[in-house]
Amino acid sequence: MPTILIVDDDPGLLIAFETVLGLNGYQVRTAATAGAGLQTFEREQPDLVLLDYHLGAAQPDGLEVLRRFRRQRPEVPVMLMSAYLYEATREAALAAGASACLEKPLTLHGLKQCVAQALRHANPVPHAA
């Protein structure tokens, strides 16, 4: 069962995403700060990360957290989320190693589809010989 880490400072979003993804068979870990996200990433070794770009004024932004994730485990897909997904932000995120950029608000159906697709690309099913 894949483990997904969600790093976002919005408690309502954390609860909603955790509930939906948990009901769809994923193990979900959440973090409301950049520091907690980095610690959870190291401790839990997730298969996928959903990372908010704006984590609050006194914290590193999502791009810095993304870079730190990439240094630790570059093979883990990280999907950057933002309500203000400007083209420059998208380009910077992809250049820093984001596997995708998602614009908030996400529909719960859209979230499930994005997660399933990211995990399929990260762990492709081997072809039978």
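The values are calculated or read from the model by the stated rules, or taken from the named source; none is laboratory data. Keep in mind that what you see is a predicted model, and the values were worked out from it rather than measured. Counting neighbours? That spans all protein chains shown, and the Cβs are built from the backbone with ideal geometry, glycine included.
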Filtering region 1-15 down to residues that are over 24 Å from residue 58 (Cβ atoms) and either touching a residue at least 60 places away in the same chain (Cβ under 8 Å) or in a helix (DSSP H, G or I) (or both) yields 2, 4
Residue set 118, 98; condition at pLDDT 95 or above and small (Gly, Ala, Ser); output residue 98
Within region 69-88, of all residues that are in a strand (DSSP E or B) and in contact with a Ser or Thr (Cβ under 9 Å, 6 or more places away or on another chain), the one modelled with the lowest pLDDT is 82
Among 18, 91, the single one that is more than 17 Å from residue 1 (Cβ to Cβ) and part of a helix (DSSP H, G or I) is 91
Filtering region 29-74 down to residues that are hydroxyl-bearing (Ser, Thr, Tyr) and touching a helix residue (DSSP H, G or I) at 6+ places or on another chain (Cβ under 7 Å) yields 30, 53
Conditions (1) over 14 Å from residue 6 (Cβ atoms); (2) of a type in the set (Phe, Trp, Tyr); (3) in contact with a strand residue (DSSP E or B) (Cβ under 7 Å, 6 or more places away or on another chain) -> residue 69 fails only (1)
Self-check item: Residue match in region 43-59 (condition: under 12 Å from the mean Cα position of the chain (by Cα), under 18 Å from residue 114 (Cα atoms), charged (D, E, K, R) and assigned to a loop (DSSP other than H, G, I, E, B))
Solution: yes
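Being buried (at least 16 other Cβ atoms within 10 Å of the Cβ), without any contact (Cβ under 8 Å) to a residue 12 or more places away in the chain and in contact with a strand residue (DSSP E or B) (Cβ under 8 Å, 6 or more places away or on another chain) narrows it down to one residue among 90, 29; which is it?
90
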The residue that is surrounded by the fewest Cβ atoms within 10 Å (Cβ to Cβ), considering only those in region 32-42 that are in a helix (DSSP H, G or I) and among the polar types (S, T, N, Q), is 39
